[in-house]
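Peer 1: There's a structure below that I have some questions on.
The values are calculated or read from the model by the stated rules, or taken from the named source; none is laboratory data. Note that this is a predicted model, so its numbers are computed, not measured. Cβ placement follows ideal geometry from the backbone for every residue including glycine, while neighbour counts extend to all protein chains displayed. What goes into the accessible areas is simple: the full protein's heavy atoms, side chains included, and nothing from ligands, DNA or RNA. Shrake-Rupley method; radii C 1.70, N 1.55, O 1.52, S 1.80 Å.
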Amino acid sequence: MVAQALSSEYSERSAANVLLASEHGEFAVPALAEILADPNLDTEIDYAMISLFHIGHASVLPLIECTKS
């Protein structure tokens, strides 16, 4: 599902973001955080940030934990 959220197709990304937020929530954050950590993935980083935005407040604590490790 994370791969779909990083797709170049808007409709695919949009549908994946809705599913990530509603079905996986904070459990999707570690996979998205790995994308954020790779400086070679410019566009994918933007899409991962959008996915985290859709997850909302539920992503905050997992992101904090990811930055500690």
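Peer 1: Calculate, for the chain, the solvent-accessible area per residue in square angstrom, rolling a 1.4 angstrom probe over the heavy atoms of the protein chains.
Peer 2: On the way: 4490 Å² over 69 residues.
For the chain, the solvent-accessible area averages 65 Å² per residue.
Peer 1: Would you calculate the separation in nanometres between label points at PHE53 and LYS68, each defined as 7 Å from the Cα along the Cα-to-beta-carbon direction?
Peer 2: About 2.8 nm, to one decimal.
Peer 1: Please give me the summed charge of the neighbours of LEU36: other residues whose Cβ is under 11 Å from its Cβ, Lys and Arg +1, Asp and Glu -1. Write down the numbers at each step before the final one.
Peer 2: Numbers: positive: none; negative: GLU34, ASP38, GLU44, ASP46.
Local charge sum for LEU36: -4.
Peer 1: Give, as a single signed number, the net charge of other residues whose beta carbon lies under 14 Å from the beta carbon of MET49, with Lys and Arg counted +1 and Asp and Glu -1.
Peer 2: After counting each charged neighbour, the total is -4.
Peer 1: With the full set of protein chains in place, find how many percent of the accessible area of the chain is carbon and sulfur; take the probe as 1.4 Å.
Peer 2: With neighbouring chains kept in place, the figure for the chain is 60 percent.
Peer 1: What number comes out for the charge environment of VAL18, summing +1 per Lys or Arg and -1 per Asp or Glu over other residues with Cβ under 15 Å away?
Peer 2: Details: positive: ARG13; negative: GLU9, GLU12, GLU23.
Within the 15 Å Cβ shell, the charges total -2.
Peer 1: Still on this model: Report the full-extension gain for the segment SER14 to GLU34: residue separation times 0.36 nm, less the Cα-Cα distance, to one decimal in nm.
Peer 2: Details: separation 20, 0.36 × 20 = 7.20 nm, distance 2.00 nm.
So the extension gain works out to 5.2 nm.
Peer 1: Which of these values of volume of the Cα convex hull per residue in Å³ was calculated from the structure shown: [x] 67; [y] 102; [z] 93?
Peer 2: The value matching this structure is [x].
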